[in-house]
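First comes the structure, then the notes that go with it.
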Amino acid sequence: MLEGKRVLVIGGAGFVGSHVVDQLTAEPVSEILVLDDFVRGTRRNLSDAARDGRVRIVEGTIRDTDLLRRVMGGVDYVFHLAALWLHECVEHPRAALEVNVVGTYNVVEAAHQAGVEKVVYSSSASVYGDAVFTPMTEDHPFNNRTFYGATKIAGEQFLRAFHEQHGLQYVGLRYMNIYGPRMDDRGAYVSVIMKVLDRLERGQPPVIHGDGTQSYDFIHVEDVARANILALESEATDDFFNVGTGIKTSINELTELLLRITGSDLRPAYRPNEQMFVTHRVGGTEKADRMLGFRARTPLEEGLRSVVDWRQDQQGPS
Ligand SMILES: NC(=O)c1ccc[n+]([C@@H]2O[C@H](COP(=O)([O-])OP(=O)(O)OC[C@H]3O[C@@H](n4cnc5c(N)ncnc54)[C@H](O)[C@@H]3O)[C@@H](O)[C@H]2O)c1
């Protein structure tokens, strides 16, 4: 299905997007276009992929409709991952509105006008907010109370409306908490991984905010990238899927794993809670398994090791 196709990855220099690009280089596509304005993504994330002659990087923003029209011309498939992150949405809601809402509208409109065959949209489990029931299945209500979640719901609804009105084919993926190589320390919920590792490197005890029982579904970025490609290749359209492991891990358990992996005998220090948007979340995985053939493969301990190894590579030989 991907043979000879031209694929556009919007937000492709970011954490997840760069792994999607990496995995696309293993496919028989004819061209992989990356559109990113580098507010958060980096060229370094694409340094391996950029050696592949089929990868072309365009620096620009999804707020620019003329650019989008040009870039989208002749493209068969679009992965849309560009967004401002949760904390940006708290501090700069208008900027987030411009990117996540208006920018996403621009992407949807341009994809329709260019006759794109399918769009895979990065949504978020944030649309669910605090769980009304667990595991949260895709028909869990939008219990979201954050601006970030609001922007993700808007994107989902734009796609659905364009499908209804114009037959635009799309799938929306609602990610749980993603970690892995190229993550930074600004991600909500997962930033604890980088912060704990930073402190361990300095010989300081890891800090846990609250009692550490808050728990999340941590999924490795390579699994998420694979879910994107499976979503594109599947027959599914006009539908939404959780992308998670279905396993809940507490911050205490996560910290213990990091201490074990790094061989540290430091003990965590507990501090008062910081702002927590959501404290317990796990998504149902059955629908993605059944309809996309997606099942997360990377066990948490192995995945965390990949983060530790990647950090060491970044630092170079000591
Ligand atoms: N990381 C997670 O745990 C997580 C969880 C749920 C949902 N998501 C969603 O998945 C997607 C990818 O997340 P990520 O963690 O890779 O984030 P990221 O910030 O690393 O990637 C987003 C990319 O979009 C780019 N970008 C931002 N604004 C842009 C604009 N106006 N025009 C063009 N490019 C722009 C950034 O430079 C960045 O490279 C996002 O839509 C995010 O909301 C992520």
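Which of S126, S250 has the fewest other C-beta atoms within 10 Å, and how do the rest follow up to the most?
By the 10 Å Cβ count, ascending, the order reads S250, S126.
Set Lys and Arg Cβ to +1 and Asp and Glu Cβ to -1, take the dipole of the chain about its Cα centre, and tell me which of G41, N228, Y270 lies farthest positive.
So the residue furthest toward the plus end is Y270.
Given H placed 1.01 Å from N in the peptide plane, which residues other than close sequence neighbours of I178 have an amide H under 5 Å from its amide H?
I219
Equivalent-ellipsoid semi-axes (√(5λ), Cα gyration tensor) for the range 218-315, whole Å, largest first?
Equivalent ellipsoid semi-axes, largest first: 30, 18, 11 Å.
Compute the longest continuous run of the chain that contains no exposed GluC sites (Glu not before Pro); treat a site as exposed when its DSSP state is not H, G, I, E or B and it has at most 13 other Cβ atoms within 10 Å.
On the way: sites that count: E3, E235, E274.
Free of exposed loop sites, the longest segment is 4-234.
Using helices alone, I'd like the mean residue ellipticity at 222 nm for the chain: each DSSP H run of four-plus residues gives -39500 (n - 2.57), total over residue count, nearest 500. If you can, show how the numbers build up before the last one.
Working: 11 runs with 118 residues, N = 318.
Value at 222 nm, helices only, nearest 500: -11000 deg cm²/dmol.
In whole Hz, what ³J(HN,Hα) sequence does the range 200-211 give by Karplus (6.51, -1.76, 1.60; θ = phi - 60°), x for Gly and Pro?
Values per residue, Gly and Pro as x: 4, 4, 8, x, 9, x, x, 9, 10, 8, x, 8 Hz.
What per residue convex hull volume, in Å³, do the alpha-carbon atoms of the chain yield?
125
Of the chymotrypsin sites (Phe, Trp or Tyr not before Pro) in the range 84-157, which ones lie in a loop per DSSP and count no more than 12 other C-beta atoms within 10 Å?
Those satisfying the criteria are F133.
Bear in mind that the values in this text are calculations on the coordinates, not laboratory data. Computed from a predicted model, the values in this text were never measured in an experiment. In this analysis, Cβ positions are derived from the backbone assuming ideal geometry, glycine residues included, and neighbour counts consider all displayed protein chains.
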